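Below is one structure, written out as structure tokens; comments come after it.
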């Protein structure tokens, strides 16, 4: 495979012109105040198919279409890459088959089928689905479209760098979510080739940090397992080509945890009115984690996608509320007699907290026969408010165990 060049990037920009949405790049007052510097958001969650993936998919499929030799394409994906390939195939009049794990939510399957792709369910995870997809591609004489380790895909993703530089020429730092590395490598290569002064920071989940270790150890490193709410960047093994490009052009890789990602999602919903998937919110979480390192700089955080299973949104909100100290969970021991709950509720109410859930536990071995564990979940304004609620209860003689 030949090396990636600026000419590859320029060709991708030309091919994608008029095909995709020109997604906004806007300064966020909310995040700028929190970080103490200028934070700009690149809203790729508003892109066609709901993520950046359409860029690389379309660029790759355009080249395939021009060759005139291939009419069938095939990909393996549980999410954004599936929809990107399916949409691009429809636009370019190619036949697309997408292999998805059997555990894929119905909403994602329907969305992919909505772009006229054939969906085949196989395996219980991406790796097994990908293995089957490679076999199926040979059987059907179809071109397999890799989600990240492909020069044309990388070039397509890198067109975001072109748009950032055009909209904000004075950008100092760009935070980019990283999973397999296609997005990070493309943006890093383009921006560093044009202006080496710009710092590029990749952001990974702590539960899926193969690129982080690959970058630090200067060799491709795989993870034994991944465990994170950010399924869009939950990749065990990054690409060979992407690892090479990232090692050369990216300045740093940092990690964030699920609580930090959830908190970013909640703020984006509340203050920016934007629904962003966990992978896409990782960039914001990364920028907010080390505010001292970006003081006085113009920072762009790429919101790479907005495709969330609606059944999962409430869980993300709960995690975000807990991470920001707005949901207090604790247990205390009560004597199991009439009026006990009323006394606790009165103290909580007078502390201006709102009880949202109560659960009794009478079966614990740690309890006396006449006692009960009372598990309580409250809405509070912040961590300090939560501490005040607990203090008021303790001052009234209750032992509080936070959960």
Open item on the list: Taking the criterion of being part of a helix (DSSP H, G or I) and at pLDDT below 95, would at least one residue in segment 146-160 satisfy it?
Closed with: no
TODO: Return a yes/no flag: does segment 171-182 have any residue that is in contact with a strand residue (DSSP E or B) (Cβ under 7 Å, 6 or more places away or on another chain), surrounded by fewer than 20 Cβ atoms within 10 Å (Cβ to Cβ) and touching a residue at least 60 places away in the same chain (Cβ under 8 Å).
DONE: yes
TODO: For segment 369-390, indicate whether the set of residues that are touching a strand residue (DSSP E or B) at 6+ places or on another chain (Cβ under 7 Å), surrounded by fewer than 16 Cβ atoms within 10 Å (Cβ to Cβ) and either assigned to a helix (DSSP H, G or I) or in the same structural domain as residue 317 (by TED's automatic domain parsing) (or both) is non-empty.
DONE: no
Open item on the list: Every residue in segment 117-133 that is without any contact (Cβ under 8 Å) to a residue 40 or more places away in the chain, in a helix (DSSP H, G or I) and closer than 19 Å to residue 71 by Cβ, please.
Closed with: none
Open item on the list: Return the residues of segment 123-143 that are over 9 Å from residue 76 (Cα atoms) and at pLDDT 90 or above; say none if nothing qualifies.
Closed with: 135, 136, 137, 138, 139, 140, 141, 142, 143
- [ ] Name the residue, out of 293, 315, 273, that is outside any helix (DSSP H, G or I) and at pLDDT below 95.
- [x] 273
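Just checking, which of 19, 73 is over 24 Å from the mean Cα position of the chain (by Cα), surrounded by 16 or more Cβ atoms within 10 Å (Cβ to Cβ) and at pLDDT below 95?
After applying the criteria, what remains is 19.
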Open item on the list: Looking at (1) touching a helix residue (DSSP H, G or I) at 6+ places or on another chain (Cβ under 6 Å); (2) at pLDDT 95 or above; (3) assigned to a loop (DSSP other than H, G, I, E, B), which one does residue 203 not meet, given that it meets all the others?
Closed with: (3)
Open item on the list: If residue 130 meets every condition in (1) closer than 27 Å to residue 185 by Cα; (2) surrounded by fewer than 17 Cβ atoms within 10 Å (Cβ to Cβ) apart from one, which number is that one?
Closed with: (2)
TODO: Might you let me know whether segment 319-332 holds any residue that is under 30 Å from residue 49 (Cα atoms), in a loop (DSSP other than H, G, I, E, B) and in contact (Cβ under 8 Å) with a residue 60 or more places away in the chain?
DONE: no
Open item on the list: Being touching a residue at least 40 places away in the same chain (Cβ under 8 Å) and either in contact with a strand residue (DSSP E or B) (Cβ under 7 Å, 6 or more places away or on another chain) or not assigned by TED's automatic domain parsing to the domain that holds residue 288 (or both) is the requirement here; does residue 207 meet it?
Closed with: no
TODO: Would you mention how many residues in segment 82-108 are closer than 24 Å to residue 156 by Cα and either touching a strand residue (DSSP E or B) at 6+ places or on another chain (Cβ under 6 Å) or free of Cβ contacts under 8 Å to residues at least 60 places away in the same chain (or both)?
DONE: 17
Task: Candidates 89, 12, filtered to the one that is crowded, with 21+ Cβ neighbours inside 10 Å, touching a helix residue (DSSP H, G or I) at 6+ places or on another chain (Cβ under 7 Å) and either assigned to a strand (DSSP E or B) or not assigned by TED's automatic domain parsing to the domain that holds residue 182 (or both) - done: 89
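Hey, among the residues in segment 216-240 that are under 22 Å from residue 199 (Cβ atoms) and touching a residue at least 40 places away in the same chain (Cβ under 8 Å), which one's surrounded by the most Cβ atoms within 10 Å (Cβ to Cβ)?
Here is the first cut: in segment 216-240, the ones under 22 Å from residue 199 (Cβ atoms) are 216-218, 233, 238.
With touching a residue at least 40 places away in the same chain (Cβ under 8 Å) added as a condition, the list becomes 233, 238.
Numbers: 233: 31, 238: 29.
My answer is 233.
Please go through segment 38-48 and pick out each residue that is out of contact with any strand residue (DSSP E or B) (no Cβ under 9 Å at 6 or more places or on another chain) and crowded, with 24+ Cβ neighbours inside 10 Å. Explain how you work it out, then say what you get.
Of segment 38-48, the ones out of contact with any strand residue (DSSP E or B) (no Cβ under 9 Å at 6 or more places or on another chain) are 48.
Result: no residue meets the conditions.
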- [ ] Taking residue 80 as the residue in question, decide whether it is surrounded by fewer than 24 Cβ atoms within 10 Å (Cβ to Cβ) and either modelled with pLDDT under 95 or in the same structural domain as residue 232 (by TED's automatic domain parsing) (or both).
- [x] no
TODO: Identify all residues within segment 271-298 that are surrounded by 21 or more Cβ atoms within 10 Å (Cβ to Cβ) and farther than 23 Å from residue 21 by Cβ; write none if there are none.
DONE: 285, 286, 287, 294
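The values are calculated or read from the model by the stated rules, or taken from the named source; none is laboratory data. Because the structure is a prediction, the values reported are computed rather than measured. Don't worry about glycine lacking a Cβ; one is built from the backbone with ideal geometry, like all the others, and counts go over all protein chains shown.
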